[in-house]
1. For helix 2-16, report the angle its Cα long axis makes with the longest principal axis of the Cα atoms of the chain; keep it between 0 and 90° and round to the nearest 10°.
2. For VAL28, what residues show an amide H to amide H distance below 5 Å, using hydrogens built from the backbone and excluding near sequence neighbours?
3. Quick one: work out the % antiparallel among DSSP beta bridges in the chain, nearest 5.
4. Pairs LYS9/LYS238; LYS122/LYS226; LYS176/LYS234; LYS29/LYS176; LYS9/LYS226: which exceed 28 Å Cα-Cα?
5. How far is helix 118-131 tilted, in degrees, relative to the longest principal axis of the Cα atoms in the chain, given as a value from 0 to 90 rounded to the nearest 10?
6. Nearest 10 degrees is fine. How inclined is helix 54-66 to the longest principal axis of the chain, computing both from alpha carbons?
7. At a 1.4 Å probe radius, carbon and sulfur cover how many percent of the accessible area of the chain?
8. Under 5 Å between amide hydrogens, which residues at least 5 positions from HIS148 or on another chain qualify, with H placed 1.01 Å from N in the peptide plane?
Amino acid sequence: PLDEELIRKLRAFLRAEGLTELIHYSLVKPGEDRNIVLSNPLFVEYSALRTDLISGLIDAFQYNLEQGNGALNGFEIGQIFWQEEDGLQETETLAGIVGGDIFVGKWSKSGREQPITWFEAKGILESVFRQLSLEIEFQPDRRDDRLHPGRTASLWIRGNRLGIFGQLHPQLRREKGLPDSVYVFQLDLDVLLESLGQDEILVPTFQPYSTYPASDRDIAFFAPVKISVAEIQKVITKAGKDLLQSVELF
């Protein structure tokens, strides 16, 4: 099916960004909110279904550090499960964790690892979205207490919530002995696949070049702090219509 082919492409794009694919058990320790608990588990440690992928990725990151394997950059695609009033729910999810040095050739930096910045981590996701021809909107978000309240964004696509991206909370980072900068993301795969113009990704169509030279404009703003860059870009994009090719913050 087309969806399977798109997921293969997605995996390839994530691997090309330097992320290793990980696979975890769907069974975890009970105790999370809206957990589905098994009635006849083999072990208490594996007696509930996971409600998200991020927790498993954080544990894998910690385990790799403790085993001397260094910081982990990885992603996982899998089902998550939770309990609603109207019954049991499940959905396929894509999640990832990034905290290792993304640059090869440490001899040029005296052997020191460079912690990855928020923008570099966000750039990994944006690079994948660009290859999928997706326009994603980032909005400030504070809902997940595992994530830094000032460095977390929810991701939106045509008004639908796609997922979350952010830096791990300093308190959680200290508890688990993780490096300064570790970033995680989690996306709803169904929302992602529904938003793709599938044929264009699998068989790219030729886009004619403009017969006119490009024209750049620099615009500077005084704006209240509460107005996000995403809101300004949205207004510019709406005003520019078809004549506008891209907007970039500098």
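1. In the chain, helix 2-16 runs at an angle near 90 degrees to the longest axis.
2. Here the answer is SER47, ALA48, LEU49, ARG50, since their amide H atoms fall under 5 Å of that of VAL28.
3. Details: 37 of 39 bridges.
If we restrict to bridges inside the chain, about 95 percent are antiparallel.
4. The pairs that break the limit, which is 28 Å between Cα atoms, are LYS9/LYS238; LYS176/LYS234; LYS9/LYS226.
5. With both axes taken from Cα atoms, the answer is about 70 degrees.
6. 80 degrees
7. Ligands and nucleic acids excluded, carbon and sulfur reach 52 percent.
8. The list, which skips near neighbours in sequence, is GLN167, LEU168, HIS169.
The values are calculated or read from the model by the stated rules, or taken from the named source; none is laboratory data. The structure displayed is predicted, hence computed values, not measured ones. Neighbour counts are summed over all protein chains in view; Cβ atoms, including those assigned to glycine, are modelled from backbone coordinates with ideal geometry. All accessible areas refer to the heavy atoms of the entire protein, side chains included, with ligands and DNA or RNA removed. Shrake-Rupley method; radii C 1.70, N 1.55, O 1.52, S 1.80 Å.
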